[in-house]
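Note sheet for the following structure.
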Amino acid sequence: MTDRTRRYHPWTPLLGLALAFAFARPAPAQDPPLKIFISVDMEGIGGIGTGAMTSGSGKDYATGRRLMTDEVNAVVAAVFAREPDAEVLVNDSHGDHQNLLHTELDPRVVYIQGSIKPLGMVQGLDASFDGAIFVGYHAKAGDPDGFIAHTGTGSVKGLWLNDVEVGEGGMNAAFAGSLGVPVILASGDSAAAAELSGLLGTETVATKTAETPASARLIHPSRVHALLTDAVGRALTRLGDGGYAPWEIGEPVRIRMRFSSTTHVDILQSIPGMTKVDGFTVAYTARNADEAYRLIRLMYRFVRQ
Ligand SMILES: [Zn+2]
């Protein structure tokens, strides 16, 4: 190498800069990271075949928590395999909302624990999310093919939003839809999967089949995880192709709710605007899905009889 090639010319950096400006294309805009909200219930988790496994005081609850945690991790791993920069928020949505073994969750997720939250199963969901995934869901109250089918609590016999009967999955999907967020995947027992496929047209995974309302025909959790991994892949492809629409029920939201107890209905009359349809049924017109969701949660969870 000669001295000449090393010689520094004072104009060289400016020339380089000018050429860079002349020929550079504008840098492609960085896509914001994919944001996925995951709500996790317990009855529909693969490998859970009795109600005892979903109850804090029940036999094999510890195994239930393990199964729930592993199933969420399987879903999350599939999301990150496709979108390494994704942001994932996991909301524990069963019982006291303190079920997942959070120290064993994939460290890339953020986790909401605890049930004293006005938006319950959809707490933390906002319009910034690209999609919602419901894991471990069950069918709505009264579904004869469902495993531990219920809506909110055992005291609710039916819930209708703008005259469409929904369970927890539909109620949560309506809230998500009001924010413009589609449910891209739902998993649970075969009745829950059929319910949410029919209602939302979303991807579903059946994790088990009810043998009776209180017993289930199970497949091994490893097979459930494989099904979920495939389904997440399908869902993210479909999301990328614009293949989802939020489930929108419009405004206002007319709530009709049927309870097992006439006393429950009588107590709810203390809420201004609440009307009694019949001895077991109340109705209320909420301005929007947010107001409806908060009120419904109050009605079944915090007003008890
Ligand atoms: Zn539950």
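The values are calculated or read from the model by the stated rules, or taken from the named source; none is laboratory data. Computed from a predicted model, the values in this text were never measured in an experiment. For neighbour counting, all protein chains shown are included, and Cβ atoms are generated from backbone atoms with ideal geometry for every residue, glycine included. Surface areas here come from the heavy atoms of the whole protein model, side chains and all, with no ligands, DNA or RNA. Shrake-Rupley method; radii C 1.70, N 1.55, O 1.52, S 1.80 Å.
The table that follows gives values for the structure above.
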| item | result |
| --- | --- |
| Given Lys140/Lys276; Lys117/Lys157; Lys117/Lys208, the pairs whose alpha carbons are separated by over 28 Å | Lys117/Lys208 |
| Antiparallel bridges, percent of DSSP beta bridges restricted to the chain (to nearest 5) | 50 |
| Stokes-Einstein D for the stretch 160-305, Kirkwood Rh over Cα pairs, 10 °C, 1.306 mPa s (µm²/s) | 94 |
| Table column - 3J(HN,Hα) (Hz), the stretch 98-105, Karplus curve with 6.51, -1.76, 1.60, x for Gly and Pro | 9, 10, 5, 7, 5, 6, 9, 6 |
| Amide H contacts of Val205 (H built 1.01 Å from N, under 5 Å, at least 5 apart or other chain) | Ala186, Ser187, Gly188 |
| Equivalent ellipsoid, the stretch 147-242 (semi-axes from 5 times Cα gyration tensor eigenvalues, Å) | 22, 22, 8 |
| Gaussian network model of the chain, Cα within-10 Å springs - most flexible of Lys140, Lys35, Lys59 | Lys59 |
| Carbon plus sulfur fraction of accessible area for the stretch 200-261, probe 1.4 Å, in percent | 50 |
| Per-residue HN-Hα couplings for the stretch 31-37 [Karplus 6.51, -1.76, 1.60; θ = phi - 60°; Hz; x = Gly/Pro] | 5, x, x, 4, 10, 10, 9 |
| Candidates Ala174, Ala191, Ala214: whichever shows maximal mean-square fluctuation once the chain is modelled as a Gaussian network with Cα springs under 10 Å | Ala214 |
| For Arg217, residues with placed amide H under 5 Å, excluding near neighbours | Thr209, Ala210, Glu211 |
| Net charge of Cβ neighbours under 10 Å - reference Pro33; Lys, Arg +1; Asp, Glu -1 | -4 |
| Relative packing of 60-68, 268-276, which averages over residues the other C-beta atoms within 10 Å, highest first | 60-68, 268-276 |
| Reciprocal of mean inverse Cα separation for the stretch 68-162 (Kirkwood radius, Å) | 15.0 |
| Per-selection metrics, the stretch 118-163 (Cα): Rg and Dmax in Å | 13.1, 37 |
| Extension gain, Ser260 back to Thr63 (0.36 nm per residue minus Cα-Cα distance, nm) | 67.7 nm |
| Rh (Kirkwood; distinct C-alpha pairs) - the chain, Å | 20.9 |
| Value of D in µm² per second that Stokes-Einstein yields for the stretch 57-119, Kirkwood Rh from Cα pairs, at 37 °C (0.692 mPa s) | 263 |
